[in-house]
Amino acid sequence: MLSLLDKWVQENNELANNFKLPEAQEATSPDQNRTNLRQSCSEFHKLLRKIQGIPPDAGHAELELSVVYNASVCFIAQSQIVEAELLLQQATERVLQMTGDDPDTSDPLVLWRTVLKSVRKTAFHHHVLYLLSLQWAIWLTNSYLKTIRDFQEEISALLETLSGKVGDDCRNETKAKFPDVPKLITDPRRLVELLQICTIITQGAERLSEGWSSEVLSDLQAASTLPAARALVAYTHLLSGACLAHMSILIYRQLKNSQAEIQTLRILHSILLLPSSSEPAMAGTHLLSPSLFLRSQSLSSLLSVPSALSVLHSLALKCVLHSRASEGVEHYLDLLAALHSEDQHRIGAKTMTDTQVHAEVSTLPKLPRLYLEAGAALLMAQRPADCMALCSEVISTTQDLLPQKVVLDESETNAAATEDVKEEGEGGLAMFLWTAAAYLLQGHCFTHMKDWKQAVTHYTRCINLLVKVHYKNKVAGFQTQIPSADTDVQQGGDFCILQRLKGLSFAGRGISFTQMDRMKEALRDLQHSLQVLPEGVGAGLWCGEVLWRLSRRCDAAACWEKTWSLPTQPLTETLPVYVQEPQTGPLLDSTELRHRLHELHPV
């Protein structure tokens, strides 16, 4: 007559024998596979509850831990990670009760170390290691890479032990010899091999995203020799290539070889336009798929394929930033045409600010910003009329959405729009910045065409919008247009854009006043521009010019010398291109200015 223990072993083995791995279920539908998995999980869990209904017993440990292993594997395969972790926690506590040790901790790492130490000389040591492999799987599924690193010594010992002996249930000859050994539904040795390469891939992606390309390269190259599915080995080669490419990009940047970067983007864009073939399925049809363990954000970012439109945007911007404005314009116009085609096809008529473009272009900036970038490129390419048309489109779309004013709390990073706010997309502050930038660019266009009166009008419209942004000081309890000294740090990018818009609009209006021979107004605006944006080169040179014409030649000389001492600020990606110093308009000849200084102070 079978004992209760023998009956439970028999029940476990019948469940394990009836359980079919996914590769054996090719003729079964995915829904049926999921149903079978849920049913097996439920049956193993019921059996476990029976076993754990009696006090912990070292004589039953091999059976109990085998059933815990099987039930936990089923939970993890269904992404029921919390349930699996709870089973492992209960199992480790019962193991300590079997060995007579006191857990006396809630720290999972300390608890596992205590358990491993307590079972080192027991007959069920290997079964505890099987459960440790599942804990490793859970940590990896949750991307707890720091925890895995902190437990690296124990994981290395786990790998070494299981690579030498997997357990009697994994050896056919042993199964024949001891038919009543509790069976496992998946081989622990295969599992730890899978976890080892998936961990190296995930940690490699994390380190690569942090910029440690050379440090992670050797680990990835070593991982490519591990036993694993071909697609996982391909991941190690792919990330190794990414490391090498990143190291090459750094070299190109140090060499300031922007043309090579532009050519690379052009080739990538052309490749992405080719018809795509269906992607192969993730490697491995085992119960615990690699996809369960390759979920980190860094890995997803590195392995994701960019959309053709996002690459086209990068290409357009790079061209503009590196003195290839005409090429940049064509790319921007292609981008806008593609977006409008996508918009009409998928979404229908909506305003620029509320259009949610298809998911593959979700990484692109909002449409108003793209219009403004394209407008700045058109102006650089000597096409002011086209620039003005794009800016008019931005203004007509956003002007009805503008709040009456925006109040920025100096202690917060977000803008709070008040008084008849109509927030849309990025909110009230974004509407102000987009509209103000459109008026700024139109002012630049009129200076390009030497229509100084219209230039003054549009710069003034920009200024009139920006003065509606106020700063609320919680301590003093009042509002002001002038922020405290640290507001630029608190407000971040939006505040920087706001200040640049102010500085450039005052500079543009001051320069326009100069061309109209209204020197006092010009000096006022240029000095105000330098107060807001001290690094403004155009405002500094023209302020000196106005001072010179007002017969304040020493002041003019000091202004020019201070401006020339400023570090050179080429166009950069850190700021939107439309809030950087204009590359067109009335310019002063620095050689002539230096000649004046020489006459003023002959050596």
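The values are calculated or read from the model by the stated rules, or taken from the named source; none is laboratory data. The structure presented is a predicted model; accordingly, all values stated were derived computationally and were not measured. Heads up, the Cβs are rebuilt from the backbone with ideal geometry, glycines too, and the neighbour counts pull from every protein chain shown.
What number goes with the only condition from (1) closer than 30 Å to residue 299 by Cα; (2) at pLDDT below 90; (3) among the charged types (D, E, K, R) that residue 101 does not pass?
(1)
Take the residues of the stretch 119-140 that are surrounded by fewer than 20 Cβ atoms within 10 Å (Cβ to Cβ) and without any contact (Cβ under 8 Å) to a residue 24 or more places away in the chain: which is farthest from residue 192 (Cα to Cα)?
The residue in question is 121.
State the number of residues belonging to the stretch 374-385 that are under 34 Å from the mean Cα position of the chain (by Cα) and either of a type outside the set (A, V, I, L, M, F, W, C) or not assigned by TED's automatic domain parsing to the domain that holds residue 320 (or both). Quick ask: steps written out before the conclusion?
The first filter runs over the stretch 374-385 and keeps only residues under 34 Å from the mean Cα position of the chain (by Cα), leaving 374-381.
Within this subset, residues satisfying the condition of being either of a type outside the set (A, V, I, L, M, F, W, C) or not assigned by TED's automatic domain parsing to the domain that holds residue 320 (or both) are 375.
Adding up the residues that qualify gives 1.
Of all residues in the stretch 393-430, which are in a helix (DSSP H, G or I), at pLDDT 80 or above and farther than 19 Å from residue 376 by Cβ? Explain how you work it out, then say what you get.
We begin by selecting, within the stretch 393-430, every residue in a helix (DSSP H, G or I); these are 393-401, 428-430.
From what's left, at pLDDT 80 or above: 393-401, 429-430.
Matches in the stretch 393-430: 399, 400, 401, 429.
Read through the list (1) at pLDDT 95 or above; (2) touching a Phe, Trp or Tyr at 6+ places or on another chain (Cβ under 6 Å); (3) under 22 Å from residue 540 (Cβ atoms), then give the number of the only condition that residue 510 fails.
Among (1) at pLDDT 95 or above; (2) touching a Phe, Trp or Tyr at 6+ places or on another chain (Cβ under 6 Å); (3) under 22 Å from residue 540 (Cβ atoms), the lone unmet condition for residue 510 is (2).
Conditions tested, residue by residue: (1) among the small types (Gly, Ala, Ser); (2) outside the structural domain of residue 100 (by TED's automatic domain parsing); (3) at pLDDT 85 or above; (4) assigned to a helix (DSSP H, G or I).
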residue: 8; (1), (2), (3), (4): no, no, yes, yes
residue: 13; (1), (2), (3), (4): no, no, yes, yes
residue: 28; (1), (2), (3), (4): no, no, no, no
residue: 32; (1), (2), (3), (4): no, no, no, yes
residue: 38; (1), (2), (3), (4): no, no, yes, yes
residue: 42; (1), (2), (3), (4): yes, no, yes, yes
residue: 49; (1), (2), (3), (4): no, no, yes, yes
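Restricting the stretch 557-586 to residues that are among the hydrophobic types (A, V, I, L, M, F, W, C) and free of Cβ contacts under 8 Å to residues at least 24 places away in the same chain, which is nearest to residue 375 (Cα to Cα)? Please lay out each step first, then the result.
Of the stretch 557-586, the ones among the hydrophobic types (A, V, I, L, M, F, W, C) are 557-560, 564, 566, 571, 575, 577, 579.
Add one more test, that the residue is free of Cβ contacts under 8 Å to residues at least 24 places away in the same chain, and what stays is 558-559.
Numbers: 558: 35, 559: 32 Å.
That would be 559.
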